[in-house]
Amino acid sequence: MTENSHQDRVLIFDTTLRDGEQSPGATMTHDEKLEIAAMLDEMGVDIIEAGFPIASEGDFEAVRDIAKNSRNAVICGLARAQFPDIDRAWEAVQHAARPRIHTFIGTSPLHRDITKLTQDEMVERIEATVAHARNLCDNVQWSPMDATRTEHDYLCRVVETAIKAGATTINIPDTVGYTAPRESAKLIEMLLERVPGADQIVFATHCHNDLGMATANALAAVEAGARQIECTINGLGERAGNTALEEVVMALKVRNDIMPFQTGIDTTRIMGLSRKVATVSGFPVQFNKAIVGKNAFAHESGIHQDGVLKNAETFEIMRPADIGLNATNLVMGKHSGRAALRSKMKELGFDLGDNQLKDVFVRFKALADRKKEVYDDDLLALMRDSDLDA
Ligand code: KIV
Ligand code: ZN
């Protein structure tokens, strides 16, 4: 029994290989997808959405091969609310030890306009397609796309229909990143309260980051009763991306005191996956990105460096090792102080006495005024120069 074994478990559904790959320009090869899926499985992701099998032959083959190689994770394939899509998704995921079909339809007025279905016609379509998926697979997820812009009464009606037709997970997508945390929470509360059978299924939250609120919206939904978070590594995804896996997982770990939920993620694998996805997708991670950005554990200012050297908790709420990083990065620049310089020099093999430190520090500050960052090689050159002067 772990200390927190009484806490509710939140399932982590990773869609890097489906929604993430939908970012323009982020296409991945078959082998790259297999490698990422294996890493996600090892990391403890509960469900891997491996692709959209009807979208292309390549997508089908990737989902099928990921399903064949899967170990622990549920492998999920996406399908529109159409029989051929659902059949193709099943053909691909049936090889998994634990397969899932995920089918969806846009339910907001904007989407009903596009599909030219009346409310009643759409309900009939949902009933038929979810029942069809359930005949093939006993694990069926259903999503009302653009749920956060769907009328509440109609949303309740379609969710009830999908549950009655056999859906085991109901995902509530904020497709265009339109909602805000309080509203995200209220929507889940409303569905749990009003929809018959809602207590028998798992509610999922699927947020996009158009207003920069994807992580906050996902966490608010969990606090309101959702028990599956849909997310991607590095927040990769269409437009401004999806909820970032590393952000929600670390938020639940670091602030477990106020959000008492458990995930099954081995967080020490976060950095490895972040680097892998950045390389493969060709989408670099922004320097100041939460958790995995180059600067997330870097300190340049003297006060921060001094504090971190004395007690890391002064300016770090997580340990670098928690996400698989070796150490805090003390960046040497014009804001750095003597304590950081002494420590950096020690790392480079120089145990400086007070007088020598004083001398090198003056030279270092002069250099730092001219350069954005002072690298180890610059410091070694400074030491060579000070030896020549001696
Ligand atoms: O954002 C969205 O609505 C989606 C659905 C297909 C679940 O990605
Ligand atoms: Zn999405």
TODO: Considering each of LEU192, LEU110 in turn, give the residue that is within 13 Å of ligand 1 (Cβ to nearest atom) and either free of Cβ contacts under 8 Å to residues at least 40 places away in the same chain or aromatic (Phe, Trp, Tyr) (or both).
DONE: LEU110
TODO: For the stretch 163-181, state whether one or more residues are buried (at least 18 other Cβ atoms within 10 Å of the Cβ) and of a type in the set (Asp, Glu).
DONE: yes
Task: Residue count, the stretch 15-39 (criterion: within 16 Å of ligand 1 (Cβ to nearest atom) and of a type in the set (D, E, K, R)) - done: 3
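Could you tell me whether any residue of the stretch 378-386 is under 22 Å from LYS310 (Cβ atoms), at pLDDT 90 or above and among the aliphatic types (A, V, I, L, M)?
No, that holds for no residue.
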TODO: Filter the stretch 35-59 for residues that are outside any helix (DSSP H, G or I), in contact (Cβ under 8 Å) with a residue 24 or more places away in the chain and among the small types (Gly, Ala, Ser) and give the result.
DONE: GLY44, ALA50, GLY51
Task: Residue that is nearest to GLU316 (Cα to Cα) [pool: residues in the stretch 275-302 that are crowded, with 16+ Cβ neighbours inside 10 Å and hydroxyl-bearing (Ser, Thr, Tyr)] - done: SER301
Open item on the list: Taking the conditions exactly as written (touching a helix residue (DSSP H, G or I) at 6+ places or on another chain (Cβ under 9 Å), crowded, with 16+ Cβ neighbours inside 10 Å and not in a loop (DSSP other than H, G, I, E, B)), does MET318 satisfy them or not?
Closed with: no
Open item on the list: From the list THR215, THR205, exactly one residue is part of a strand (DSSP E or B), touching a residue at least 12 places away in the same chain (Cβ under 8 Å), among the β-branched types (Val, Ile, Thr) and touching a helix residue (DSSP H, G or I) at 6+ places or on another chain (Cβ under 7 Å). Which is it?
Closed with: THR205
Task: Among the residues listed as ILE229, ILE291, ILE265, the single one being within 16 Å of ligand 1 (Cβ to nearest atom) and not charged (D, E, K, R) - done: ILE229
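The values are calculated or read from the model by the stated rules, or taken from the named source; none is laboratory data. The structure presented is a predicted model; accordingly, all values stated were derived computationally and were not measured. Note: ideal-geometry Cβ built from the backbone for every residue, glycine included; neighbour counts use all protein chains shown.
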